[in-house]
Amino acid sequence: MYLRSVTVMRHEESETSAYPFSIPAIRAIDTLAFSHQVTFFVGENGSGKSTLLEAIADQCGFHTAGGGKNNTYDVDAAHSALGAHLRLSWMPKITNGFFLRAETFYQFASHLDTVPGALQYYGGKSLHKQSHGEAFLSLFKHRFGKKAIYLLDEPEAALSPARQLALLRIMKDLEDQAQFIIATHSPILLGYPDAQILDFDEQPIRPVKYEDTLHYILTRRFLENRTTVLRELFAEDEDED
Ligand SMILES: Nc1ncnc2c1ncn2[C@@H]1O[C@H](COP(=O)(O)OP(=O)(O)OP(=O)(O)O)[C@@H](O)[C@H]1O
Ligand SMILES: [Mg+2]
């Protein structure tokens, strides 16, 4: 492990209700410790997972729209409001790694096309000439190396269930030397063995067991009782009308 914890520094701004401290989970962070090679951020939409992940990327010196240390390119809204408030504790400190976010992957792919020689690190083919999922997996296979920290924001957005399993396999191969922090809604990715799952729906954010995540509970219930779940769901809708 490399990144041991993040501490949110309290400045005056933190007393205000402005973003990012308007987010309950972010407001409640004092120090958040990482205890495993693989950490997942889970929580409802808008609970603050991307905000924190992006701030960590910012403090790692990675491009906040996605990329590593050497990727500089312009996209809108690449600024991290929380980054300046964050202190990272490393043991040992490393600088290799990558921040990946599904939303700006397209711009990242365009950027790579402009960098001579860059594509050799990404499977030798423009990411635009591969499907969304193929490009993602290309990146994972070719760009991920050892002794690095990988910050991934919803990598499942592009991946079929089979490719999500492939990602788990890639992570397993790297786990001895690489650290992963992943914001996800995927019950498949969350099933990675011996991972720390941090629940952003709790304040303060706290570890939760895989089987206690809403992702696991709801998905399992849906798969096992699809007809009943749908009947209940649609019946409620009809009641409201
Ligand atoms: N630049 C910004 N300025 C103001 N508010 C923002 C900004 N970015 C995000 N927010 C708000 O902060 C909250 C947390 O957003 P964030 O993207 O961190 O959520 P998330 O947990 O990643 O959600 P999701 O699961 O949908 O990706 C949301 O209510 C969002 O509207
Ligand atoms: Mg998000």
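The values are calculated or read from the model by the stated rules, or taken from the named source; none is laboratory data. Worth saying up front: this structure is predicted, and the values here are computed from it rather than measured. Reconstructed Cβ throughout: ideal geometry from the backbone, glycine too, with neighbour counts over all protein chains shown. For accessibility, only protein heavy atoms count, side chains too; no ligands or nucleic acids. Shrake-Rupley method; radii C 1.70, N 1.55, O 1.52, S 1.80 Å.
Let's see how each residue does on (1) at pLDDT below 90; (2) farther than 13 Å from Val38 by Cβ:
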site: Lys125; (1), (2): yes, yes
site: Gly133; (1), (2): yes, yes
site: Gly145; (1), (2): yes, yes
site: Arg163; (1), (2): yes, yes
site: Asp176; (1), (2): yes, no
site: Thr184; (1), (2): no, no
site: Leu190; (1), (2): no, no
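Could you tell me whether Val42 is under 23 Å from Glu103 (Cβ atoms), modelled with pLDDT of 95 or more and in contact with a His (Cβ under 8 Å, 6 or more places away or on another chain)? Yes; evaluated as a whole, the condition is true for this residue.
Among the residues making up the stretch 153-185, those that are aliphatic (A, V, I, L, M) and free of Cβ contacts under 8 Å to residues at least 60 places away in the same chain are Ala157, Ala158, Leu159, Ala162, Leu165, Ala166, Leu167, Leu168, Ile170, Leu174. Kindly indicate the residue of the stretch 26-53 that is over 30 Å from Lys147 (Cβ atoms) and more than 10 Å from ligand 2 (Cβ to nearest atom) and also surrounded by the fewest Cβ atoms within 10 Å (Cβ to Cβ) among those meeting that condition. This residue is Glu44. Selection of first residues in the stretch 16-33 that are part of a helix (DSSP H, G or I) and of second residues that are away from ligand 2 (no atom under 16 Å from the Cβ) and open to solvent by less than 60 Å² (accessible area, probe 1.4 Å), restricted to Cβ pairs under 8 Å at least 6 apart or on distinct chains, gives the following pairs, ordered by first then second residue: Ile26/Val8; Arg27/Ser14; Arg27/Phe21. Of all residues in the stretch 129-179, those that are exposed (fewer than 15 other Cβ atoms within 10 Å of the Cβ) and in contact with a His (Cβ under 8 Å, 6 or more places away or on another chain) total 0.
Looking across the stretch 84-98 at every residue that is touching a Lys or Arg at 6+ places or on another chain (Cβ under 9 Å) and modelled with pLDDT of 90 or more, the one that is farthest from ligand 2 (Cβ to nearest atom) is identified as Met91. The condition (being modelled with pLDDT under 75 and open to solvent by less than 50 Å² (accessible area, probe 1.4 Å)) is satisfied by just one residue among Ala81, Ala102, Ala77: Ala102.
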